[in-house]
4 protein chains.
Amino acid sequence: MHVHVDFCLIPLGGDVSVAAEVAECERVLAVAGLQPRMHAFGTNVEGEWDPVLAAIKECHRRVHEMGRARISSTLRIGTRTDRHQSLADKVERVERLLAGA
Amino acid sequence: MHVHVDFCLIPLGGDVSVAAEVAECERVLAVAGLQPRMHAFGTNVEGEWDPVLAAIKECHRRVHEMGRARISSTLRIGTRTDRHQSLADKVERVERLLAGA
Amino acid sequence: MHVHVDFCLIPLGGDVSVAAEVAECERVLAVAGLQPRMHAFGTNVEGEWDPVLAAIKECHRRVHEMGRARISSTLRIGTRTDRHQSLADKVERVERLLAGA
Amino acid sequence: MHVHVDFCLIPLGGDVSVAAEVAECERVLAVAGLQPRMHAFGTNVEGEWDPVLAAIKECHRRVHEMGRARISSTLRIGTRTDRHQSLADKVERVERLLAGA
């Protein structure tokens, strides 16, 4: 099952800055071969369900190892069976509509 | 890794009513032994990361089998390493604060 | 415009426990007449768009006043124009399907 | 109160494609002066709480006018009182950490 995921991890407690933890998650997702596309409130990844969700679990594990005792993440997960669509396809389709308007 | 998850699955396209699909997800989560606690905008489950996320994958698979070609889910995932806390503990702690106010 | 909202507020930094802030949000939403229905990963409210979103803004304001410098919230917002449905209606409809299965 | 918002609107029912509705929301947010930064699973906006949330309400209103009877949106909302940080600052800070690693 191919998934599109938008993932935002938030460590609770301690330092109010979370940039180091977000950077570590980007590294974990990149090492997993998922080519994360970061935005200002999360990151987009796509791939097969199991490796994508395993990489997200690894993000939680690493951020706990960095000393953060509590984490709250939010995920948007998209799946479809009618056709294959990449993350880039989704954006391009909307951009074509906007350009044609 | 113990997780708390709040899960909301939304089928896209077709019938505007999604109650049958939500009910099927409750069944899938219950069969997986996760004792889902449904609310009006999702359901709470807790357990080990792998079986919880496997059950959520199974919800996507079943809802596609029901004829829905596209699904968008949102998950809140909480993990902590400082102590064990159940879903019920979280609610009770806030309710005690509210009762004492 | 009538809305169903599921709201989860997370203070960042400082104490890893967030129960006091969650309790304060429940109070703010109750004082606003929204009869919040708390679950273990957020709270359900319903009403007209403007007062519901104003109450959520007030939750942010109060939690900042409690000394939390940074907040990250997640909202699920549902609107529909085909018919009126309460939060309780949504849950009952799924429960009837589950009872009949 | 300055907010960072990540907004993802999903129409339910009818056509499985939602690109026209997503494009309309981008237009609404742009007309409101919010310079939306679209990604593959939502869009980032920032500004004062009231105009940002008013623009999101307008997105719901317009998508209903396009014939979609039911909408489910998800928002991540970030506020902070310790310092001003733009959406671009957040991304740059993580990118500097990644470049230095």
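Being assigned to a helix (DSSP H, G or I) and at the interface with another protein chain (Cβ under 7 Å from one of its Cβ atoms) is true of D:E26.
Summed over the stretch A:34-58, residues that are under 23 Å from B:A54 (Cα atoms) and more than 10 Å from the chain's Cα centre (by Cα) total 8. Could you tell me which residue of the stretch A:10-23 is farthest from the other protein chains (Cβ to nearest Cβ), considering only residues that are in a strand (DSSP E or B) and buried (at least 20 other Cβ atoms within 10 Å of the Cβ)? Ranking the candidates gives A:P11 first.
For the stretch D:29-49, the criterion of being facing another protein chain (nearest Cβ under 8 Å), surrounded by fewer than 18 Cβ atoms within 10 Å (Cβ to Cβ) and at pLDDT 95 or above is met by no residue. Of the residues B:D82, B:D50, which is free of Cβ contacts under 8 Å to residues at least 12 places away in the same chain and under 18 Å from A:T74 (Cα atoms)? From the options B:D82, B:D50, the qualifying one is B:D50.
Cβ separations smaller than 7 Å between residues 6+ apart or across chains give the following pairs from the stretch A:26-45 residues that are farther than 21 Å from A:Q85 by Cα to residues that are of a type in the set (D, E): A:V28/A:E58; A:F41/D:D6. Of the candidates C:V52, C:V63, the single residue that is assigned to a helix (DSSP H, G or I), surrounded by 15 or more Cβ atoms within 10 Å (Cβ to Cβ) and out of contact with any helix residue (DSSP H, G or I) (no Cβ under 6 Å at 6 or more places or on another chain) is C:V52.
For the stretch D:13-44, the set of residues classified as touching a Gly at 6+ places or on another chain (Cβ under 8 Å) and among the hydrophobic types (A, V, I, L, M, F, W, C) consists of D:V16, D:L34, D:F41, listed by residue number.
Would you pick out the residues in the stretch B:29-49 that are small (G, A, S), out of contact with any Lys or Arg (no Cβ under 9 Å at 6 or more places or on another chain) and in a strand (DSSP E or B)? Correct list: B:G47 only. For the stretch D:54-91, filtering for residues that are more than 7 Å from every other protein chain (Cβ to nearest Cβ) and more than 30 Å from D:E24 (Cβ to Cβ) leaves 2.
The values are calculated or read from the model by the stated rules, or taken from the named source; none is laboratory data. This one's a predicted model, so the numbers in the text were calculated from it and none came from an experiment. Every residue, glycine as well, gets a Cβ built from its backbone with ideal geometry; the counts of neighbours run over all protein chains shown.
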